[in-house]
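Values in this text are rule-based calculations from the coordinates and carry no lab data. All values derive from a computational prediction rather than experimental measurement. Note that each Cβ is placed from the backbone with ideal geometry, even for glycine, and that neighbours are counted across all protein chains shown.
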Amino acid sequence: MNAYATSADVFTRRLEEILSDADGELRQAVAYVDRVIIPEVRRESAGALRLLAVHLDRLADKIDPAGADPDRRGSDCRDTGRTDSGQRPVQ
């Protein structure tokens, strides 16, 4: 009977070591994602959103050429003359 108890104890200890190692590796992975990946994704997504805004503005100008502002052509869409609601101000 002691042989079974000893095997169970060895198994339990080994399992605890494995789980502890996995926990440490997971903590390192999370720290890496927080330190490296998330800031990079934020930088990349901000640039992608700016580019998307330019393309959407051009599409809107094609759909409604009368609403296009000729002074804004070729801008990077940072100053679109739009209000916070996204609407062009009444002229």
**Study point:** Among Ser7, Ala31, Ala48 the positive-end extreme of the charge dipole of region 2-72 (Cβ point charges)
**Key:** Ala48
**Study point:** Binned Cα-Cα distance frequencies in region 2-72 - 10 Å width, integer %
**Key:** 16, 19, 15, 14, 12, 10, 7, 5, 2
**Study point:** Net dipole in debye of region 2-72 [+1 Lys, Arg Cβ; -1 Asp, Glu Cβ; about Cα centre; nearest 20]
**Key:** 120
